[in-house]
Ligand code: NAP
Ligand code: COA
């Protein structure tokens, strides 16, 4: 066997920071990195959610750290990253996954509603990465942004998310160019419809909507947080040491077309014009 053959995805001793890591997909990612032995820091707005997540992650026998901070606030985010790096060491894997979403037709969306999602998803990702760079292990660190099918597929009732996540994908590619020479890889993952999450509960709240989603996924099932976490662990590992600037779906094939079609049907009742 050649000496550069990589046998495992063992991440013992690595430091992983997950912005938005206290629920849903991002929590699943944090837990799977902890299962693989990494020490984890999480950031989200709610101190209660941060505390519960830190306690949960410590159950895996790793070091865990949490900070309550809004990704829209650059200074607070920088402080969260600084204290995490102080507690755990230089960051090997920086994951940006905080997001907001609510389905609403553009003509019923206030400018502030559009701004709130763009600020969380896109500006928030810029803040996490811009503030996080100084704390990354260089060379060797890996950045993973959590994107969405809406970044590639125009989707009715999702103008804010489509615009924000398309920006996240371009930020991914741009920073891969700028940071590659420092030995920092920057990639993104597009989760498909993930079961039991806040995001899919908001987008497909009824049994009929769920069935429509399932039938529009080529692999004919909802995904799990682990489906996404597996791809993140691959991207963070030496197996992906020559991979940067990619936006990789973990979606059962949903971005091939099903996502936009499905949201068109589910979102149709929300397209009534605004009164007045
Ligand atoms: P979720 O459970 O609502 O998780 C969102 C996380 O972000 C929470 O930890 C939340 O905690 C945090 N957060 C929200 N706003 C924040 C802010 N302003 N500052 C800091 N933290 C903030 O969502 P999810 O459905 O699992 O989605 C997770 C990610 O996957 C998102 O990036 C989403 O766009 C993407 N995605 C999801 C799906 C899906 O099927 N659910 C599909 C495609 C892509 P606090 O409330 O404590 O702030
Ligand atoms: N339909 C239309 N507009 C809505 C809305 C909805 N369902 N929910 C919120 N808004 C509007 C508000 O009315 C407000 O606009 P206005 O000032 O013109 O009235 C604007 O969006 C901001 O709302 P606010 O509640 O102040 O924002 P926030 O910063 O406290 O919360 C959200 C951000 C709205 C994205 C909130 O849903 C959230 O915290 N989401 C995180 C969890 C999540 O969305 N998970 C799924 C991830 S994919």
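The values are calculated or read from the model by the stated rules, or taken from the named source; none is laboratory data. As the structure is a prediction and not an experimental result, all values here were calculated from the model. With ideal geometry, Cβ positions are generated from the backbone for all residues, glycine too; neighbour counts draw on all protein chains shown.
Residue-by-condition table, conditions (1) within 17 Å of the chain's Cα centre (by Cα); (2) in contact (Cβ under 8 Å) with a residue 40 or more places away in the chain; (3) more than 30 Å from residue 91 (Cβ to Cβ); (4) surrounded by fewer than 16 Cβ atoms within 10 Å (Cβ to Cβ):
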residue: 214; (1), (2), (3), (4): no, no, yes, no
residue: 228; (1), (2), (3), (4): yes, yes, no, no
residue: 231; (1), (2), (3), (4): yes, yes, no, no
residue: 234; (1), (2), (3), (4): yes, yes, no, no
residue: 240; (1), (2), (3), (4): no, yes, no, no
residue: 255; (1), (2), (3), (4): yes, yes, no, no
residue: 259; (1), (2), (3), (4): no, yes, yes, no
residue: 265; (1), (2), (3), (4): no, yes, yes, yes
residue: 269; (1), (2), (3), (4): no, no, yes, yes
From the list 86, 169, 92, 121, which residue is within 15 Å of ligand 2 (Cβ to nearest atom) and at pLDDT 95 or above?
121
Residue 127 near ligand 2 (Cβ under 8 Å from one of its atoms) and closer than 23 Å to residue 190 by Cβ:
no
Within region 139-159, can one find any residue that is touching a residue at least 12 places away in the same chain (Cβ under 8 Å), more than 18 Å from the chain's Cα centre (by Cα) and more than 30 Å from residue 264 (Cβ to Cβ)?
yes
Select, from 273, 238, the only residue that is modelled with pLDDT under 95 and within 30 Å of residue 184 (Cα to Cα).
238
Restricting to region 96-110, what's the tally of residues that are more than 10 Å from ligand 1 (Cβ to nearest atom) and surrounded by 24 or more Cβ atoms within 10 Å (Cβ to Cβ)?
0
Against the conditions (1) touching a strand residue (DSSP E or B) at 6+ places or on another chain (Cβ under 6 Å); (2) under 30 Å from residue 268 (Cα atoms), where does residue 106 fall short? Just the number, please.
(1)
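Matching residues to (1) closer than 12 Å to residue 19 by Cα; (2) free of Cβ contacts under 8 Å to residues at least 12 places away in the same chain:
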position	(1), (2)
87	no, no
94	yes, no
106	no, no
110	no, yes
Has region 167-175 got any residue that is over 13 Å from the mean Cα position of the chain (by Cα), within 14 Å of ligand 1 (Cβ to nearest atom), free of Cβ contacts under 8 Å to residues at least 60 places away in the same chain and surrounded by fewer than 20 Cβ atoms within 10 Å (Cβ to Cβ)?
yes
Hey, which of the helices (runs of 4 or more DSSP H) in region 1-98, taking only ones fully inside, have at least 1 residues that are more than 19 Å from the chain's Cα centre (by Cα)?
47-58, 74-88
Any chance region 252-261 includes a residue that's within 22 Å of residue 106 (Cβ to Cβ), part of a loop (DSSP other than H, G, I, E, B) and away from ligand 2 (no atom under 16 Å from the Cβ)?
yes
Conditions first: (1) touching a residue at least 40 places away in the same chain (Cβ under 8 Å); (2) more than 9 Å from ligand 1 (Cβ to nearest atom). Residue 124 passes all but one, so which condition is the exception?
(2)
